[in-house]
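*Asks:* Pasting a structure below so you can have a look.
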Amino acid sequence: MEYVVEAENLRKTFGAFTAVDGITFRARRGECFGILGPNGAGKTSTIRMIYGFSPLSGGSLLVLGEDVTRRRLLRKVKYRIGVCQQDNNLDPELSVLQNLEVYASYFDIAAPKAAERALALLRFIALENRRDTPIPELSGGLMRRLVLARALINEPDLLILDEPTTGLDPQSRHQLWERLEGLRARGISILLTTHYMEEASRLCDRLIIMDHGRILVEGKPQELIREHAGKDIIEVGEPGEELRAFVRDRGLRHDDLGHRILIYCDERDRLYREVSEHYCRDGCILRTATLEDVFLKLTGRELRE
Amino acid sequence: MNLTPGLRISHRYLRVWRRNVQVYRKTWRVSFLPPLLEPLLYILAFGYGLSVLVGDVAWRGEAVPYVAFIAPALLCIAMMYNSFFETTYGSFVRMYYQKTFDAMLATPLFLEDIIAGEIVWGATKAVIATAIMQVILTLFGLIRYPEGLLILPLSFVAGFAFASIGMVFTAVVKHIDLFNLPIFLFVTPMFLFGGTFFPLETLPAWAQIVAWGLPLTHLVELVRAVGFGRLEPSLLWHLMYLAVFSVLFFPLALMKMRKRLIK
């Protein structure tokens, strides 16, 4: 089995609303595959179909080589995937350790084995001294780590993460990334949705960017940056008319945001010197292009609901 | 994916049931108190306080002491409350606020397993409460044995019916406060008019007809006869009437829950 997820012309509609509009992609075994997009792009709808939460409205979907539209096969697949949902839906009526043990029972893992794995996972997320803590006493970051541990209780072949770091402080986010990098190094396949570009660049081998239920681009983070944003970016604050004329005359690729102009460039130093010497009134910087530039360029800068 | 027909429950519903047992065991000392104290309070207030005014009650042509008359009804009310409240307030909190069902759906459990586990747990709570109360009532000499041993399996049958009805409401209410409606329109009338605290014959004819439509009326009739040691074939009709509620409302609960949660 070369692919852990094979989606073809995958569709999801809710009444008249189309959340996923016929997307086709494949996630390889052993890679971390990212699904990026602004709110409402269809990321969560896609991922919910993959872990069997939502029925498909159309298309075909193989997960771990099995057709998940068939209930018997879906059950088989559900034993082999671990899911980290968007909400912190830990069981507040159980302790930290019990959360893992009870979850293990849903996978038919026998109690002694469940206890053993639960303790090992608590060590992995550095929570072993909080094993008897009630869930409501945990911080957001700790809860998130426990949700991750819970998703690993069945030693899944595929780990599905739906916006794993949304709402976390930077420390907790980096903690979680380190854990995920550790898992990736062990060769576990990961499917990740996020709207943090830093997260995607750091973790994903390949990714798709979605908007309005469709795939805009697919590729490796670095390739996408090179292709859609170039190597570097010159940002100029409060640009004057002279700069706008300069950019137009030279035919430079750029985005005019009114109070700011972004110039995409590959010959960094020469152009930057020219711009900063002649047209820089309110600060200008030269920086490396990032995935965020690609993302904003492709999905636009308007606010989403 | 075809999710409409059939019940499609697997043995995994027991895992959901076990989860609820585990949570219950954490607070069992507190959970044991109501079924332990409630019958004592009722017997004290109604049995001894009110019976001075009431005296004996006519049941099937016999004069029965008022305490003995209401004792089986107290068991039935406990069966109804414990199962109905578990699958309404209890299940709603787990489903809506705690997102426990969502987390379970990301495991090999399917929705049918979850709902069946919840309903069987509701029935189990009816059994637990009945067992505790029955011990107290037995100490007062209000239940005849060996016939009284049948009350426990009956409490499961009744609990299953009321838990299924409760789950249907859970599947359709928008907000937890709306449970006041079925409680006001369905549960409280049964509590008062199900042949619980006075014989149905004292009601006008039309009200008697309405009362016989309520499942609790049949349960009270059944448990009262069993508790008095009066087993007779006609009781099977009352049992069947309760079973019909399970047969109708259990699949309905699954169907409505699918509609609510599978998106």
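The values are calculated or read from the model by the stated rules, or taken from the named source; none is laboratory data. Just so it is clear, the model here is predicted, and its values are computed rather than measured. As a convention, Cβ positions derive from the backbone with ideal geometry for all residues, glycine included, and neighbour counts pool all protein chains shown.
*Asks:* From the set of residues in the stretch B:156-186 that are touching a residue at least 12 places away in the same chain (Cβ under 8 Å) and of a type in the set (S, T, N, Q), which is nearest to B:THR130 (Cα to Cα)?
*Replies:* Result: B:SER164.
*Asks:* Additional query: Considering only the stretch B:141-159, state which residues are among the small types (Gly, Ala, Ser) and either touching a strand residue (DSSP E or B) at 6+ places or on another chain (Cβ under 9 Å) or farther than 22 Å from B:TYR66 by Cα (or both). Give the derivation first.
*Replies:* First, pick out the residues of the stretch B:141-159 that are among the small types (Gly, Ala, Ser): B:141, B:148, B:155, B:158-159.
Listed by number, the residues that qualify are B:SER155, B:ALA158, B:GLY159.
*Asks:* Right, another one. Within the stretch A:266-282, identify whether any single residue is within 23 Å of A:GLU218 (Cβ to Cβ) and in contact with a helix residue (DSSP H, G or I) (Cβ under 7 Å, 6 or more places away or on another chain), and answer yes or no.
*Replies:* Among the residues of the stretch A:266-282, not one is within 23 Å of A:GLU218 (Cβ to Cβ) and in contact with a helix residue (DSSP H, G or I) (Cβ under 7 Å, 6 or more places away or on another chain), which makes the answer no.
*Asks:* Would you confirm, using the coordinates I've provided, whether B:GLY47 is within 14 Å of chain A (Cβ to nearest Cβ) and either over 21 Å from B:ILE262 (Cα atoms) or not basic (Lys, Arg) (or both)? Outline the logic, then answer.
*Replies:* Details: within 14 Å of chain A (Cβ to nearest Cβ): no; either over 21 Å from B:ILE262 (Cα atoms) or not basic (Lys, Arg) (or both): yes.
No: the conditions fail for B:GLY47.
*Asks:* Out of the stretch A:32-57, which residues are over 20 Å from A:TYR3 (Cα atoms) and of a type outside the set (S, T, N, Q)?
*Replies:* If the condition is that a residue be over 20 Å from A:TYR3 (Cα atoms) and of a type outside the set (S, T, N, Q), then A:GLY37, A:PRO38, A:GLY40, A:ALA41, A:GLY42, A:PHE53, A:PRO55 are the ones that fit.
*Asks:* I need the full set of residues from the stretch B:90-113 which are more than 10 Å from every other protein chain (Cβ to nearest Cβ) and either closer than 16 Å to A:ASN154 by Cβ or crowded, with 24+ Cβ neighbours inside 10 Å (or both), in order please.
*Replies:* Once the filter is applied, which keeps residues that are more than 10 Å from every other protein chain (Cβ to nearest Cβ) and either closer than 16 Å to A:ASN154 by Cβ or crowded, with 24+ Cβ neighbours inside 10 Å (or both), the stretch B:90-113 yields only B:SER91.
*Asks:* Only strands (runs of 3 or more DSSP E) wholly contained in the stretch A:167-257 count here; list those with 1 or more residues that are hydrophobic (A, V, I, L, M, F, W, C). Full working, then the answer.
*Replies:* Values: elements: A:189-194, A:206-211, A:214-219, A:232-237, A:253-256.
By residue number, A:189-194, A:206-211, A:214-219, A:232-237.
*Asks:* While we're looking at this one, here's another question. Of the conditions (1) exposed (fewer than 13 other Cβ atoms within 10 Å of the Cβ); (2) in contact with a Ser or Thr (Cβ under 8 Å, 6 or more places away or on another chain), A:THR288 fails just one. Which one is it?
*Replies:* So A:THR288 meets the others, but not (2).
*Asks:* Find the helices (runs of 4 or more DSSP H) located wholly in the stretch B:1-63 whose residues include 1 or more that are closer than 28 Å to B:LEU254 by Cβ and in contact with a Cys (Cβ under 6 Å, 6 or more places away or on another chain), and list them.
*Replies:* Values: elements: B:13-26, B:28-31, B:33-42, B:51-54.
Those helices (runs of 4 or more DSSP H) do not exist here; none qualify.
*Asks:* Hey, can you tell me all the residues within the stretch A:156-172 that are more than 12 Å from every other protein chain (Cβ to nearest Cβ), in contact (Cβ under 8 Å) with a residue 60 or more places away in the chain and surrounded by fewer than 22 Cβ atoms within 10 Å (Cβ to Cβ)?
*Replies:* Of everything in the stretch A:156-172, those that are more than 12 Å from every other protein chain (Cβ to nearest Cβ), in contact (Cβ under 8 Å) with a residue 60 or more places away in the chain and surrounded by fewer than 22 Cβ atoms within 10 Å (Cβ to Cβ) turn out to be A:ASP157, A:GLU163, A:THR166.
*Asks:* From the list A:ASP169, A:ASP211, A:ASP205, which residue is acidic (Asp, Glu) and more than 29 Å from A:LYS12 (Cα to Cα)? Show your work before the answer.
*Replies:* Values: A:ASP211 fails: more than 29 Å from A:LYS12 (Cα to Cα); A:ASP205 fails: more than 29 Å from A:LYS12 (Cα to Cα).
Among A:ASP169, A:ASP211, A:ASP205, only A:ASP169 is acidic (Asp, Glu) and more than 29 Å from A:LYS12 (Cα to Cα).
*Asks:* Conditions first: (1) over 23 Å from B:ASP102 (Cα atoms); (2) loosely packed, with under 15 Cβ neighbours inside 10 Å. A:GLY140 passes all but one, so which condition is the exception?
*Replies:* (1)
*Asks:* Applying the selection to the stretch A:48-75, what residues are within 9 Å of another protein chain (Cβ to nearest Cβ) and surrounded by fewer than 16 Cβ atoms within 10 Å (Cβ to Cβ)? Spell out the reasoning first.
*Replies:* Taking the stretch A:48-75 as the starting set, the residues that turn out to be within 9 Å of another protein chain (Cβ to nearest Cβ) are A:48, A:51-56, A:68-71, A:74-75.
Scanning the stretch A:48-75 gives A:ARG70, A:ARG71.
*Asks:* So, one more: Taking the stretch A:232-276 as the region of interest, how many residues are within 31 Å of the chain's Cα centre (by Cα), more than 13 Å from A:ARG287 (Cα to Cα) and buried (at least 17 other Cβ atoms within 10 Å of the Cβ)?
*Replies:* Start the filter on the stretch A:232-276 by keeping residues that are within 31 Å of the chain's Cα centre (by Cα), which leaves A:232-237, A:253-266, A:268.
Then drop every residue that is not more than 13 Å from A:ARG287 (Cα to Cα), which leaves A:237, A:253-261.
Adding the requirement that they be buried (at least 17 other Cβ atoms within 10 Å of the Cβ) leaves A:254, A:261.
Selection size over the stretch A:232-276: 2.
*Asks:* For the stretch A:82-132: of the residues being more than 14 Å from chain B (Cβ to nearest Cβ) and assigned to a loop (DSSP other than H, G, I, E, B), which is farthest from A:VAL4 (Cα to Cα)?
*Replies:* A:ARG131
*Asks:* Then there's this: Could you tell me which of the residues B:ILE114, B:ILE132, B:ILE119, B:ILE70 is under 19 Å from B:TYR24 (Cβ atoms) and modelled with pLDDT under 95? Please lay out each step first, then the result.
*Replies:* On the way: B:ILE114 fails: modelled with pLDDT under 95; B:ILE119 fails: modelled with pLDDT under 95; B:ILE70 fails: under 19 Å from B:TYR24 (Cβ atoms).
Step by step, each of B:ILE114, B:ILE132, B:ILE119, B:ILE70 is checked, and only B:ILE132 is under 19 Å from B:TYR24 (Cβ atoms) and modelled with pLDDT under 95.
*Asks:* Any residue in the stretch A:240-256 that is touching a residue at least 24 places away in the same chain (Cβ under 8 Å) and in contact with a Gly (Cβ under 6 Å, 6 or more places away or on another chain)? Break it down into steps so the answer makes sense when it comes.
*Replies:* Filtering the stretch A:240-256 down to residues touching a residue at least 24 places away in the same chain (Cβ under 8 Å) leaves A:240, A:242-243, A:246, A:255.
The next check asks that each one be in contact with a Gly (Cβ under 6 Å, 6 or more places away or on another chain); those that pass are none.
No - not one qualifying residue is present in the stretch A:240-256.
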